[in-house]
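The values are calculated or read from the model by the stated rules, or taken from the named source; none is laboratory data. Being a predicted model, the structure only gives us computed values, none of them experimental. Positions of Cβ are generated from backbone atoms using ideal geometry, with glycine treated the same way; all protein chains shown enter the neighbour counts. For accessibility, only protein heavy atoms count, side chains too; no ligands or nucleic acids. Shrake-Rupley method; radii C 1.70, N 1.55, O 1.52, S 1.80 Å.
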Amino acid sequence: MDILETLKTLWESSGFHSFLIEGGWKNLIMIAVSCVLLYLGIKKKFEPLLLVGIAFGCLLVNLSYFTAGDTSDALYHVNLWDNFLNPEHADYHSYGAIMAHGGLLDILYIGVKAGIYPSLIFLGVGAMTDFGPLISNPKSLLLGAAAQMGVFLAFFGAVCLGFTGNEAASIGIIGGADGPTAIFLTTRLAPHLLGPIAIAAYSYMALIPMIQPPLMKLLTTKKEREVKMEQTRVVSKTEKIIFPIIVAMFVILLLPSTAPLVGCLMLGNLWRECGVTERLSDTVQNALMNIVTVFLGISVGATTAADRFLSLETIKIVVLGLTAFCFSTVGGLLVGKIMYAVTGGKINPLIGSAGVSAVPMAARVSQMEGQKANPSNFLLMHAMGPNVAGVIGSAIAAGFLLAVFK
């Protein structure tokens, strides 16, 4: 046996040797990016339940691609998904080909591509959400709708920057501040952009306490922020049971493409409120949500292969996503100011910023800013109305975009 030849073979087959080959620096950068994301998730607690999984998925796919390339040993195969999306290829929309030739991350990603994970996340969100504040104050729907303004402004901005309609729609939905909705829409309209869009969406959700307060102070006066709102009426059990049924019927008939998200959201809420399915409600809130979060995070991270993620498009998406999120916050605040004027100062416009879909973080930010202006102010339950309206609003916005561009 030639010892030197054996050592040379081991060296050339190792991942460390891949640092020296053409394009290897891109994977090195993505490995560094994944470490930064892990730091933000663990140390800074930026959406840790998902960001840690996404970051480690990013680390795995770039380490795997580094050592195995696009061979059968890789955890994720970019070429398989290119074939899956190519209408002229024999494996077009063939999950069988993915199962037969894919790695672990390819198989897990099927749940993302098929829309299973985002829908199950909505099932759990519905079971954890109390729609009482929205039912007691239906005007909150206006604030939730206004907070979708950034979605459409970012859409037009993306078109102006050269993105296609499908890509622009996927980028714009970041403004809804709803990670599962962004993933659901992107996998259908622009799956090649899933990595940067998902990371941007969850990063901005985590940065809500930093992004929203300056906008809230800029667009509202101290007098407006000091407004104490009256306690909302008590919502009956019957109303809470009927609400998800009516909303599901109306929204799905209006926009059938929203059925996976809105249907699961309302089913989860019905399990919560009907009083006879406590075990199911508990399961989807805890065990199922935890399992799906594991698979979703790792799968999304797998789409951040260096040769696809490191591009000018990614920078544009990050900037447009921030723009979308800011304009969504501004839209909610401006309509909140209008409602303040129309009601003679009975509505605190700060609750308008909670119209984005990040539940319950956006509502908590409204509460904190309200208490800074007036220590006796308690806006949390009032802000939860627009907050849960934003969840429905982002799903409707996604359904509209999907109906137009699919």
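Screening F122, F84, F56, F46 for residues that are farther than 21 Å from I208 by Cα and within 21 Å of the chain's Cα centre (by Cα) leaves exactly one candidate, F56. Checked against the criterion of being open to solvent by less than 20 Å² (accessible area, probe 1.4 Å) and either modelled with pLDDT of 90 or more or within 27 Å of C326 (Cα to Cα) (or both), the candidates D106, D91, D130 yield just one match: D106. Say we look at the range 186-229 and pick out the residues that are open to solvent by less than 20 Å² (accessible area, probe 1.4 Å) and without any contact (Cβ under 8 Å) to a residue 60 or more places away in the chain; which of these is farthest from the chain's Cα centre (by Cα)? Residue satisfying both the conditions and the ranking: A190. When A100 is tested against (1) open to solvent by 50 Å² or more (accessible area, probe 1.4 Å); (2) in a loop (DSSP other than H, G, I, E, B), only condition (2) is not met.
Within the range 304-321, does at least one residue satisfy the condition of being assigned to a helix (DSSP H, G or I), among the aliphatic types (A, V, I, L, M), over 16 Å from the mean Cα position of the chain (by Cα) and buried (at least 18 other Cβ atoms within 10 Å of the Cβ)? Yes, that holds for at least one residue. Could you please tell me which pairs satisfy a Cβ distance under 7 Å, a separation of 6+ or placement on different chains, a first residue in the range 97-113 that is on the phi > 0 side of the Ramachandran plot, and a second residue that is open to solvent by less than 20 Å² (accessible area, probe 1.4 Å) and assigned to a helix (DSSP H, G or I)? Partner pairs satisfying both residue conditions: none exist.
Screening the candidates T277, T293, T232 for the property of being farther than 30 Å from Y109 by Cβ, among the polar types (S, T, N, Q), touching a residue at least 12 places away in the same chain (Cβ under 8 Å) and surrounded by 14 or more Cβ atoms within 10 Å (Cβ to Cβ) yields one hit, T232. Of the residues making up the range 249-262, those that are more than 15 Å from A397 (Cα to Cα) and either buried (at least 16 other Cβ atoms within 10 Å of the Cβ) or touching a strand residue (DSSP E or B) at 6+ places or on another chain (Cβ under 6 Å) (or both) number 0. Take the conditions buried (at least 17 other Cβ atoms within 10 Å of the Cβ), in a loop (DSSP other than H, G, I, E, B) and modelled with pLDDT under 95 and apply them to L80. Does it pass? Spelling it out, it is not the case that L80 is buried (at least 17 other Cβ atoms within 10 Å of the Cβ), in a loop (DSSP other than H, G, I, E, B) and modelled with pLDDT under 95.
Would a scan of the range 337-344 turn up a residue that is within 18 Å of the chain's Cα centre (by Cα), touching a residue at least 40 places away in the same chain (Cβ under 8 Å) and either closer than 24 Å to Q231 by Cβ or open to solvent by less than 40 Å² (accessible area, probe 1.4 Å) (or both)?
no
I'd like the residue in the range 178-233 that is among the polar types (S, T, N, Q) and assigned to a helix (DSSP H, G or I) and, out of all such residues, is farthest from A363 (Cα to Cα). Taking the candidates together, the pick is T187.
Under the condition of being β-branched (V, I, T) and closer than 25 Å to L194 by Cβ, the residues counted in the range 127-167 number 3. Selection of the range 11-41 for residues being modelled with pLDDT of 65 or more, open to solvent by less than 30 Å² (accessible area, probe 1.4 Å) and more than 24 Å from the chain's Cα centre (by Cα) yields G24, N27.
Suppose we filter the range 149-179 for residues that are under 15 Å from the mean Cα position of the chain (by Cα) and either among the aromatic types (F, W, Y) or open to solvent by less than 10 Å² (accessible area, probe 1.4 Å) (or both); how many remain?
Filtering the range 149-179 for residues under 15 Å from the mean Cα position of the chain (by Cα) gives 150-151, 169-179.
Right, trim to either among the aromatic types (F, W, Y) or open to solvent by less than 10 Å² (accessible area, probe 1.4 Å) (or both) and you get 150-151, 169-177, 179.
Residues that pass the stated criteria total 12.
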